[in-house]
Amino acid sequence: MRRLLTLLVVALTICTTALAQPSRSKWAADMYEAKHKMIVEELGLTPTQQKQFMPLYEQMEREIYQTNSEARALAAEVEKKRNPSDRDYEVAANALSNTRVREGEIEAKYYDKFAKILTKKQLFQLKQAEAKFTRQMLSKGKKNNRK
């Protein structure tokens, strides 16, 4: 489960990074739309639930992206340095290692908010839908790489 979450975060990171690139922004927007559509369908959200849930879900995704972005920025700084110190390596490695912890904290914070909108079954299905989307994106990526 943790591995699937990590893969999802990687997919989201790629999507968000693509948003910053004009040539790929349409693709990234389409990917987010597809993911959100899948979540709505897989969970069977009512229009009311969808209206309440999706803005929170998008906010959670932004927070997770920000956490990953900050860690990647630290790592990039170390890579750019001519002679990084052990302290530089330590700070960057710590930030990269703690991204999963921070992601878990962010998810836990939003879980409580989601629980006020979604049923217990839908909360369970959310993780399954995210994992399913990640598997589909990875599968599509593998197919595209074979061509």
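What are the ³J(HN,Hα) couplings of region 69-80, residue after residue, when phi is run through the Karplus curve with 6.51, -1.76, 1.60 and θ = phi - 60°? Round to Hz, x for glycine and proline.
After applying 6.51 cos²θ - 1.76 cosθ + 1.60, I find 4, 4, 5, 5, 5, 4, 5, 5, 4, 5, 5, 6 Hz.
Given Cβ point charges of +1 (Lys, Arg) and -1 (Asp, Glu) and nothing else, what value in debye, to the nearest 20, does the dipole of region 88-142 about its Cα centre take? Display every interim value, and only then the final one.
Details: 12 positive and 7 negative charges, 119 e Å.
Taking the Cα centre of region 88-142 as origin, the dipole is about 580 debye.
Would you list Ile64, Ile117 from fewest to most Cβ contacts within 10 Å?
Details: Ile64 23, Ile117 19.
If I rank by nearby Cβ atoms, fewest first, I get Ile117, Ile64.
Through the Karplus equation 6.51 cos²θ - 1.76 cosθ + 1.60, θ set to phi - 60°, convert the phi angles of region 42-51 into ³J(HN,Hα) values in whole Hz; use x for Gly and Pro.
4, 8, x, 5, 6, x, 5, 4, 4, 5
Taking the Cα centre of region 34-84 as origin, sum charge times position over the Cβ atoms of Lys and Arg (+1) and Asp and Glu (-1), and report the length of that vector in debye to the nearest 20.
Working: 8 positive and 8 negative charges, 50 e Å.
Here region 34-84 has a charge dipole of around 240 debye.
Each reported figure results from applying straightforward, stated rules to the coordinates on display, with no laboratory input. These figures come from a predicted structure and were not determined experimentally. All Cβ positions, glycine included, derive from the backbone under ideal geometry; neighbour counts span all protein chains shown.
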